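Heads up, the thing below is written out as structure tokens.
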Amino acid sequence: MSALLLAGHTATAALLGGSLAWIAAVALLVLAVRAALYPVLRTQARRSITVAGLRPAVERIRRSHTDPQRQSAELRELYAEHDVRLFGGFLPMLGQALLFLGLFHVLRSFDRTAAAALPFGSTAHPLSPEVNAATANYLLDPGHVQAFLHADLFGAPLSAALAGAAAPLTIALVAVPLALVAAIAAHVTARMTLRRSAGPTLPLLRPLTLWVLPGTALAGAALLPVIVLVYLATNALCTVALQFLAYRGLPSLGG
């Protein structure tokens, strides 16, 4: 992940320079991964349409076979006949989760001076500012570390989080809008997903996906560094755009 971040920063530094190169590097990394996963997402969208069309057949099998083993065998045969893989949708989710965890670790490792006080902004073995500035962050050399620590977005350091910040107002003016963008985009994605859902959903699923999960992005405004919020906002906007693209030209499930 540090190699990918370094490649993105190198590619954009000559054009943008300074702080914007780091922001662009994170955005490019998100775009590259989501573009690579798009064929899987498109296939998943097609299969969701197929699954919706198979719902009457599924209900007939469940009514006809009370034996759970026979029922499962018939359902497996039905799905195999129509090339439906029920767990295929986990691949994009897994890819995004691995991207976030790896990128979050690298971005957090630029500043290893915080003691173990905050859950997302601390390290078990804090370094002094001088040692931290002279220590490489995986493939990013000390010069990159120092450049990142001096980078900011509208005055808010990219490595800083709102909680415990020396200038909370400056960081809040950047962190809160980024978190709002991520939350609103997640809410829009949830609405699109529920609208396309074929059949009833669990009672708690709707409020969970529409409000609780997007609301976690707002909590991130206080705890996550500014650069991680840039990632979350970029990723959430990509998700909305890819939802439109993946289902473009396909029949509507929810009307």
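The values are calculated or read from the model by the stated rules, or taken from the named source; none is laboratory data. None of these values were measured; they are calculated from a predicted model. Backbone-built Cβ (ideal geometry, glycine too); neighbour counts: all protein chains shown.
The condition (being of a type in the set (A, V, I, L, M, F, W, C), under 21 Å from LEU229 (Cα atoms), surrounded by fewer than 18 Cβ atoms within 10 Å (Cβ to Cβ) and free of Cβ contacts under 8 Å to residues at least 12 places away in the same chain) is satisfied by just one residue among ALA172, ALA136, ALA166: ALA166.
Out of (1) surrounded by 14 or more Cβ atoms within 10 Å (Cβ to Cβ); (2) within 22 Å of the chain's Cα centre (by Cα), the odd one out for ARG195 is which? Of everything listed in (1) surrounded by 14 or more Cβ atoms within 10 Å (Cβ to Cβ); (2) within 22 Å of the chain's Cα centre (by Cα), ARG195 misses just condition (1).
Checked against the criterion of being modelled with pLDDT of 90 or more and assigned to a helix (DSSP H, G or I), region 107-116 has at least one qualifying residue. Within region 75-87, the set of residues being surrounded by fewer than 16 Cβ atoms within 10 Å (Cβ to Cβ) and either closer than 30 Å to ALA233 by Cβ or at pLDDT 80 or above (or both) comprises ARG76, GLU77, LEU78, ALA80, GLU81, PHE87.
Listed here are the residues, each with its yes/no results for (1) out of contact with any Asp or Glu (no Cβ under 7 Å at 6 or more places or on another chain); (2) at pLDDT 90 or above; (3) part of a loop (DSSP other than H, G, I, E, B); (4) under 25 Å from ALA221 (Cβ atoms).
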residue	(1), (2), (3), (4)
PHE120	yes, no, yes, yes
VAL131	yes, yes, no, no
THR135	yes, yes, yes, no
HIS144	yes, yes, no, no
PHE148	yes, yes, no, yes
SER159	no, yes, yes, yes
LEU162	yes, no, yes, yes
LEU173	yes, yes, no, yes
VAL176	yes, yes, no, yes
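Can you pull out the residues in region 63-74 that are surrounded by 12 or more Cβ atoms within 10 Å (Cβ to Cβ), of a type in the set (D, E, K, R) and without any contact (Cβ under 8 Å) to a residue 12 or more places away in the chain? Across region 63-74, the qualifying residue is only ARG70.
Please go through region 1-35 and pick out each residue that is without any contact (Cβ under 8 Å) to a residue 60 or more places away in the chain and within 14 Å of the chain's Cα centre (by Cα). If the condition is that a residue be without any contact (Cβ under 8 Å) to a residue 60 or more places away in the chain and within 14 Å of the chain's Cα centre (by Cα), then LEU28, ALA32, ALA35 are the ones that fit.
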